[in-house]
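The values are calculated or read from the model by the stated rules, or taken from the named source; none is laboratory data. Keep in mind the model is a prediction, meaning the values are calculated, not measured. Every residue, glycine among them, receives a Cβ derived from its backbone with ideal geometry; neighbour counts consider all protein chains shown.
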Amino acid sequence: VVLSTVGGRAGSRGTATGSAHKRMSHTIFFSDTYESLGKGYSLVALPTDIIKRVEEDPDGTVLRFMGREDQEAVLVTEDKTYSVKRGETSNQQLLFPCALQTLLDRAAPDGTLVTTEGSPSKGTNPGADAVANVQTHFAVALTCPKLDGLPKLLRRRPYEGPDYEEEEGEERYTRQQLHEMLQASPKQIDEELHRLGALEVEGGMCVLDVQYESRLMTHVFAGATLCGLDLGSVSREDLLGDKEVAGFPQFVLDTFLAKYAAPPKGEAMQVDGKVCLDIEKMALFRADELLSHNSSSQRLTVDEFVRAWASMLPDGTKVCVEMLRGRAVLETRGANTLVKPFPLAALSRDVKRRFKELFDQQASWRREDLLPYVSDLVGPGGNVDQLLMKHSRVSRSPPVEGKEEVRTYSSRV
């Protein structure tokens with residue numbers, strides 16, 4: 001095979017760009033193990049940021065393909081997740097163990113490729129011979145981490161308190177095992193563990209049992225009320241002043257604070273410093289509790305639900321049904337409007353299936369009610385409006401008396 005180029009440098013198709021130069025021909029040799037279909041090789045087009053990282057730290061950079069046989073593979077680095085799409089080409093793509101320009105630079109005056117020692121290659125030089133015609137490649141693009149299975153893994157054996165740890169139960173997964181099981185980078189998994197309020201018990205990762213966490217929250221609220229504490233600025237020492245709260249293990253209280261507390265005014269939280277408890281996040285935990293007991297035969301009306309919900313929180317805490325978006329929907333039965341559990345976590349991660357589930361639940365959605373159920377489907381660089389335009393039909397009602405237009409979404413089917 002003869003490769004023709006113009007001048008001394010090869011362009012994308014074997015010819016140089018710019019001013020014309022003398023045309024040259026280069027003889028290409030094929031190795032004895034040459035694969036015409038290239039089944040033993042695949043090309044991966046890596047993003048610039050990964051290439052730069054590998055160049056800067058070739059020994060310390062770890063790239064891993066993750067996924068079971070029933071999953072689409074992803075590529076993960078230490079802090080990012082990338083989708084992997086397979087592609088095919090009918091063009092001939094010859095693979096050499098070195099860069100093309102290196103081969104051209106080695107060419108003898110007669111066009112024959114030469115070895116590093118200067119002798120012509122006769123198909124025996126592994127550095128100059130084509131080893132395969134590679135027709136398969138993989139395109140890599142930044143994507144969202146696939147973490148929807150993490151809560152279930154953490155609930156494999158939740159922490160119910162020291163009295164229950166002696167009992168036999170399922171073994172908890174370690175942090176390293178979770179890193180190896182999930183299609184996400186270690187950093188993204190650790191961030192989600194923190195968001196979920198996960199804790200490590202004797203090397204195993206888990207979450208607090210819901211009833212156990214609920215009891216602690218009740219004691220925190222009661223202690224704050226009894227001692228006149230401001231939940232917007234309270235110290236760990238203040239909370240431990242309540243004997244009921246002090247009865248919980250220290251690491252449990254630390255986990256609780258890490259999940260529900262944020263430093264006031266953005267300052268870093270000190271070990272004994274003041275923290276601001278996120279009352280809205282705690283209110284949503286209480287809402288989930290109430291929704292879990294709200295069976296189809298015993299649905300609460302909106303007013304009944306809001307009253308019961310507020311009774312589980314400190315006096316003066318304001319809650320409303322709009323806070324339940326992504327957790328519940330309103331259902332009309334006769335003259336009553338009932339609260340129906342409809343959690344985002346129970347819906348499919350597949351985009352088409354997700355929209356089908358949503359429109360099976362109700363034929364038409366207002367934009368503000370729909371967004372919490374689809375925002376997690378938007379990948380890096382994506383746009384929720386593009387997603388809605390592709391998978392739903394939008395209707396607009398004109399503004400009335402100075403109010404903004406109302407957009408509703410229905411199925412395209």
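Find the residue count for region 380-404, including only residues that are surrounded by 10 or more Cβ atoms within 10 Å (Cβ to Cβ) and over 21 Å from Phe355 (Cα atoms).
Final tally of qualifying residues: 2.
Are there any pairs with C-beta distances below 9 angstrom linking a residue in region 154-177 that is more than 11 Å from Asp209 (Cα to Cα) and not assigned by TED's automatic domain parsing to the domain that holds Gly197 to a residue that is at pLDDT 95 or above and not in a helix (DSSP H, G or I), with the two at least 6 apart or on different chains, and if so which?
Going by the 9 Å Cβ cut-off, there are no qualifying pairs.
Go through the residues of region 366-375 one by one and say whether even a single one is more than 24 Å from the chain's Cα centre (by Cα) and of a type in the set (Val, Ile, Thr).
no
Any residue that is of a type in the set (Asp, Glu), in contact with a Pro (Cβ under 8 Å, 6 or more places away or on another chain) and not in a loop (DSSP other than H, G, I, E, B) - is there at least one of those in region 166-181?
Initial filter on region 166-181 (of a type in the set (Asp, Glu)): 166-168, 170-171, 180.
Still in the list and also in contact with a Pro (Cβ under 8 Å, 6 or more places away or on another chain): none.
Taking every residue of region 166-181 in turn, none turns out to be of a type in the set (Asp, Glu), in contact with a Pro (Cβ under 8 Å, 6 or more places away or on another chain) and not in a loop (DSSP other than H, G, I, E, B).
Among what's in region 308-345 and is small (Gly, Ala, Ser) and assigned to a loop (DSSP other than H, G, I, E, B), pick the residue that is farthest from Gln362 (Cα to Cα).
Checked region 308-345; the qualifying residue farthest from Gln362 (Cα to Cα) is Gly316.
Residues checked against (1) within 28 Å of the chain's Cα centre (by Cα); (2) surrounded by fewer than 18 Cβ atoms within 10 Å (Cβ to Cβ); (3) modelled with pLDDT under 95; (4) of a type in the set (Phe, Trp, Tyr):
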{"residue": "Pro120", "(1), (2), (3), (4)": "no, yes, yes, no"}
{"residue": "Glu170", "(1), (2), (3), (4)": "yes, yes, yes, no"}
{"residue": "Thr174", "(1), (2), (3), (4)": "yes, yes, no, no"}
{"residue": "Gln188", "(1), (2), (3), (4)": "yes, no, no, no"}
{"residue": "Leu208", "(1), (2), (3), (4)": "yes, no, no, no"}
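Quickly run through region 281-319 and pick out the residues that are charged (D, E, K, R) and in contact (Cβ under 8 Å) with a residue 12 or more places away in the chain.
Once the filter is applied, which keeps residues that are charged (D, E, K, R) and in contact (Cβ under 8 Å) with a residue 12 or more places away in the chain, region 281-319 yields Lys281, Arg286, Asp288, Glu289, Arg299, Asp315.
Can you pull out the strands (runs of 3 or more DSSP E) entirely within region 21-97 that have at least 3 residues that are surrounded by 14 or more Cβ atoms within 10 Å (Cβ to Cβ)?
Fully inside region 21-97 and qualifying: 23-27, 30-35, 74-76, 81-88.
Is at least one residue of region 231-247 among the polar types (S, T, N, Q) and assigned to a strand (DSSP E or B)?
Yes, region 231-247 has at least one match.
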